1. Could you give me the residue pairs with C-beta distances under 8 Å whose first residue belongs to the stretch 22-34 and is in a helix (DSSP H, G or I), whose second residue is surrounded by 14 or more Cβ atoms within 10 Å (Cβ to Cβ) and among the basic types (Lys, Arg) wherever it lies, and which are 6+ apart or on separate chains?
2. What residue, among those in the stretch 274-299 that are in contact with a Phe, Trp or Tyr (Cβ under 6 Å, 6 or more places away or on another chain) and buried (at least 16 other Cβ atoms within 10 Å of the Cβ), is farthest from Thr248 (Cα to Cα)?
3. Could you please let me know if Glu141 is of a type in the set (Asp, Glu), without any contact (Cβ under 8 Å) to a residue 12 or more places away in the chain and either in a helix (DSSP H, G or I) or farther than 22 Å from Val279 by Cα (or both)?
4. Just wondering, is there one or more residues in the stretch 253-264 that are at negative phi, of a type in the set (Ser, Thr, Tyr) and surrounded by fewer than 17 Cβ atoms within 10 Å (Cβ to Cβ)?
5. Checking Gly232 against (1) without any contact (Cβ under 8 Å) to a residue 40 or more places away in the chain; (2) surrounded by 16 or more Cβ atoms within 10 Å (Cβ to Cβ), only one condition comes out false. Which one?
Amino acid sequence: MRSDLDVDIHPAYPLSWQARAVNGVLRGTVKPLGTVFLRGQGSMRALCALVDATGSLPGRLPRHVTVRPEDFGDFDGEWVRWGGGVDEGKVLLYFHGGGYFVCSPATHRPITWRLSRAARRPVLAIAYRQGPVHRLSVSLEDALTAYGVLLERGYAPEDVLFAGDSAGGHLTLASMLALRDRGLPLPRAAICLSPWADLTASGDYRRRRNRWADPMLPAGRINWVAGHWTRGLESRDPLVSPVFGDYTGLPPLMIVVGSTEILRDEGRLVAERARVAGVPVTYEEWHRMPHVFPIMADVLPEARLAFRHVSRFLAAVHAQTGRPEPVERAA
């Protein structure tokens, strides 16, 4: 019998007018911008500067959310806390997305503060080193370093969660595979939002069903970025393309994707491979939601509901050990 953790969920909420509007705006702005900017290192740096400038602007956070910087030496990060009674003995380690070359913990605060509320614990979001200067291996070592620091500070592995979106979902999966292969303790569970998991030629986005339906990501340019990061590497290495990983021994996973996004199939394949290895997976496919739609929770009601689902997943994880935690009540 399948457990409450090992389920496929296709939320049947009616598509909101906000979602229709957001999809239209993304199709008319973000997708064309990606087509223009993702063509070389110079244009990648220009896009980085644009996103960094907008991401550094003061964001709208609830007054009871606090943000505190953290310095790891070679990279930094920030602690994000929901003020409604978080458990300081536990932590969620978050890896932001952005194709391994753009975005930061600041750009992803709409996700991290809501994860702090859903998980009832502080969130540590790290600004791992990324391109175009650094390679994938540097980002991975930064993720493992941050986890090691948490363990050194006294957090038990079973009190740590991993989470990430897009490239950060890739980093979440690669980090757990690397920890397992090195014989190191694993976190309690992990959450992947629209994970980018296949960087090989077999993942040619121009041949995918959703190449036209995706309102946000241009297929050809995602191919180019994948080729850029895998140059000189074995692209089928599970730490490069986690979709080819053996997930034996990994903790429960939650994978959240949109039905029309171009990375949907990668999330499905990761779920299938993990289940074959005996890992319970909560796989959620949300109707017509764009890539990493939870980051749009300020405007999308579906995104706010997704954090309720995260909370229920975590309650199911903790129920396995007889240590249930409260389920989020507020949307």
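The values are calculated or read from the model by the stated rules, or taken from the named source; none is laboratory data. On a predicted model such as this, the values are computed, not experimentally measured, just so you know. Cβ atoms come from the backbone with ideal geometry, glycine included; neighbour counts cover every protein chain shown.
1. Asn23/Arg288; Gly34/Arg221
2. Among those residues, the one meeting the criterion is Thr282.
3. yes
4. Yes, the conditions are met somewhere in the stretch 253-264.
5. (2)
Condition check ((1) within 17 Å of Gly98 (Cα to Cα); (2) of a type in the set (D, E, K, R); (3) part of a loop (DSSP other than H, G, I, E, B); (4) modelled with pLDDT of 95 or more) across all residues:
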position	(1), (2), (3), (4)
Leu233	no, no, yes, no
Met254	no, no, no, yes
Val257	yes, no, no, yes
Arg273	no, yes, no, yes
Glu285	no, yes, no, yes
Pro290	yes, no, yes, yes
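Okay, residues lined up against (1) modelled with pLDDT under 90; (2) touching a helix residue (DSSP H, G or I) at 6+ places or on another chain (Cβ under 8 Å); (3) not hydrophobic (A, V, I, L, M, F, W, C):
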site: Asp198; (1), (2), (3): no, yes, yes
site: Ser202; (1), (2), (3): yes, no, yes
site: Tyr205; (1), (2), (3): yes, yes, yes
site: Ala219; (1), (2), (3): yes, yes, no
site: Ile222; (1), (2), (3): yes, yes, no
site: Val243; (1), (2), (3): no, yes, no
site: Pro251; (1), (2), (3): no, yes, yes
site: Ile262; (1), (2), (3): no, yes, no
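Matching residues to (1) of a type in the set (A, V, I, L, M, F, W, C); (2) in contact with a Ser or Thr (Cβ under 8 Å, 6 or more places away or on another chain):
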| residue | (1), (2) |
| --- | --- |
| Gly220 | no, yes |
| Trp224 | yes, no |
| Arg236 | no, yes |
| Thr248 | no, no |
| Val257 | yes, yes |
| Gly267 | no, yes |
| Arg273 | no, no |
| Pro280 | no, yes |
| Val317 | yes, no |
